[in-house]
Amino acid sequence: MKFFSKDSYGLPILLAISLHLLLIVVSLVAVDFKEEQDLRVNDRPVVQAKVVDISQTIIGKKLEEDKAKAKAKALAVKKKAQQEKKRKAAEQALKERKKQLAQQKKQKQALEKKAKAAEKAARKAEADKLQKRQVAEAEQKKKAAQKAQKAKNDAKQRLAQEERKAEAAKKLADSKRREQEKINRQKAEVERKRLEAIRIAEEQKKRQEEAQLALAQEKARQEALAIELALQEEAEKQQEIAEASARQSMSALIDQRVRSRWIRPPNAVNGMKTQLKIFFLPTGEVDLVNVTKSSGDALFDQRAVDAVYKMGRIEELAELDPFVFERNFRSIDLIFNPQDLRR
């Protein structure tokens with residue numbers, strides 16, 4: 001029957017009813033009828049009851065067990081949902097990673113294919129170039145060989161003609177040859193001496209011209225160097241003037257901004273002054289403030305330091321050239337000497 005099935009409350013209910021009936025019977029048996037006379041004195045009926053902890057009963061235990069099972073089941077479902085969520089996230093991350101790897105592999109393959117194509121084209125171009133060079137060299141060798149053969153043939157013909165002429169004129173020229181040789185030697189000696197004199201004169205003239213050119217070049221170099229030095233000195237002078245003006249205007253600006261943020265101490269009097277060294281960052285922000293010469297009053301000095309920190313940032317410093325900033329405004333000395341103090 002469904003009433004007595006494992007998941008129904010039939011059996012626990014039946015046991016609870018039996019327990020209550022047993023308690024009623026026990027209470028009736030335990031009543032002392034001898035005291036009926038005394039009990040009738042009070043018109044109000046007396047009821048005796050016994051508190052039963054339902055958690056200790058079968059029904060209570062069953063309810064607690066069901067609650068525990070439901071709670072455990074809910075926790076299991078929640079844990080399973082969390083695990084499923086983590087698993088899906090891991091699968092999604094793995095999928096994205098695979099997708100990225102696939103894209104990288106595809107890109108790598110494309111680059112390799114492109115590199116192979118470029119290498120193949122380069123090899124083909126190199127082969128074509130080599131083939132053309134070989135053809136050109138072969139053509140040049142062929143032309144050179146033909147030219148050499150022709151020159152050889154011409155030389156042979158000339159040599160044969162000269163030999164014939166020489167043989168014919170040898171007898172006639174033998175008597176004149178020695179005389180002509182003597183004349184030729186004399187002419188050659190005269191020509192050699194003339195050429196030697198010309199060479200010596202040309203060398204002397206060349207040395208003089210080189211010396212004059214060297215002097216002119218040195219003079220031009222000295223003049224250019226002097227002009228360059230003059231221009232450099234003028235530029236440095238102008239830069240010093242500009243930097244001095246910038247230092248003066250920036251110092252006045254910093255002094256004005258520090259004074260505007262200064263809180264007058266109650267004991268400040270005329271003549272009190274303190275010297276500060278302020279360190280700035282390239283952004284114009286105050287990095288550090290040190291008191292290099294005290295006024296003799298710690299509160300006066302501290303109020304001056306506080307005013308510098310309150311100033312915060314000088315935007316105009318950030319607009320300066322980095323070289324000018326590093327040389328003039330990385331750190332500055334400020335003499336804080338208010339003139340409107342009480343006497």
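Quickly run through segment 283-293 and pick out the residues that are of a type outside the set (D, E, K, R) and exposed (fewer than 14 other Cβ atoms within 10 Å of the Cβ).
Across segment 283-293, the qualifying residues are 283, 288, 290, 292.
Matching residues to (1) in a helix (DSSP H, G or I); (2) open to solvent by less than 100 Å² (accessible area, probe 1.4 Å); (3) modelled with pLDDT under 80:
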| residue | (1), (2), (3) |
| --- | --- |
| 26 | yes, yes, yes |
| 36 | yes, yes, yes |
| 44 | no, no, yes |
| 65 | yes, yes, no |
| 68 | yes, yes, no |
| 74 | yes, yes, no |
| 78 | yes, no, no |
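Testing residue 309 on (1) closer than 15 Å to residue 261 by Cβ; (2) of a type in the set (Ser, Thr, Tyr); (3) open to solvent by less than 70 Å² (accessible area, probe 1.4 Å), one condition comes back false. Which one is that?
Unmet condition: (3).
Take segment 284-294 and flag every residue that is at pLDDT 90 or above and part of a loop (DSSP other than H, G, I, E, B).
Hit for segment 284-294 is 294, nothing else.
Might you check whether a residue that is open to solvent by 60 Å² or more (accessible area, probe 1.4 Å) and farther than 30 Å from residue 310 by Cα occurs anywhere in segment 245-260?
For segment 245-260, residues open to solvent by 60 Å² or more (accessible area, probe 1.4 Å) and farther than 30 Å from residue 310 by Cα: absent.
Please tell me if residue 215 is part of a helix (DSSP H, G or I), modelled with pLDDT of 85 or more, open to solvent by 70 Å² or more (accessible area, probe 1.4 Å) and out of contact with any helix residue (DSSP H, G or I) (no Cβ under 8 Å at 6 or more places or on another chain).
Here the answer is yes, as residue 215 does meet what is asked.
Of the residues that sit in segment 323-343 and are open to solvent by 90 Å² or more (accessible area, probe 1.4 Å) and either in a helix (DSSP H, G or I) or farther than 16 Å from residue 292 by Cβ (or both), which one is modelled with the lowest pLDDT?
So, considering only residues that are open to solvent by 90 Å² or more (accessible area, probe 1.4 Å) and either in a helix (DSSP H, G or I) or farther than 16 Å from residue 292 by Cβ (or both), the one modelled with the lowest pLDDT is 343.
Given the conditions (1) under 25 Å from residue 240 (Cβ atoms); (2) free of Cβ contacts under 8 Å to residues at least 40 places away in the same chain; (3) open to solvent by less than 70 Å² (accessible area, probe 1.4 Å); (4) polar (S, T, N, Q), which single one is not true for residue 275?
Result: residue 275 fails condition (2) only.
Among the residues of segment 54-61, is there at least one that is assigned to a loop (DSSP other than H, G, I, E, B) and over 32 Å from the mean Cα position of the chain (by Cα)?
yes
Are any residues in segment 295-322 part of a helix (DSSP H, G or I) and not aliphatic (A, V, I, L, M), and if so, which ones?
300, 301, 302, 303, 306, 309, 310, 315, 316, 322
Which residue is farthest from residue 322 (Cα to Cα), if the candidates are limited to segment 268-305 and must be among the polar types (S, T, N, Q) and over 43 Å from the mean Cα position of the chain (by Cα)?
270
Among (1) over 14 Å from residue 255 (Cα atoms); (2) among the hydrophobic types (A, V, I, L, M, F, W, C); (3) modelled with pLDDT of 90 or more, there is one condition residue 308 misses while meeting the rest; what is its number?
(1)
The values are calculated or read from the model by the stated rules, or taken from the named source; none is laboratory data. Note that the coordinates shown come from a computational prediction; the quantities given were computed from them, not determined experimentally. For neighbour counting, all protein chains shown are included, and Cβ atoms are generated from backbone atoms with ideal geometry for every residue, glycine included. Surface accessibility is based on the protein's heavy atoms, side chains included, excluding ligands, DNA and RNA. Shrake-Rupley method; radii C 1.70, N 1.55, O 1.52, S 1.80 Å.
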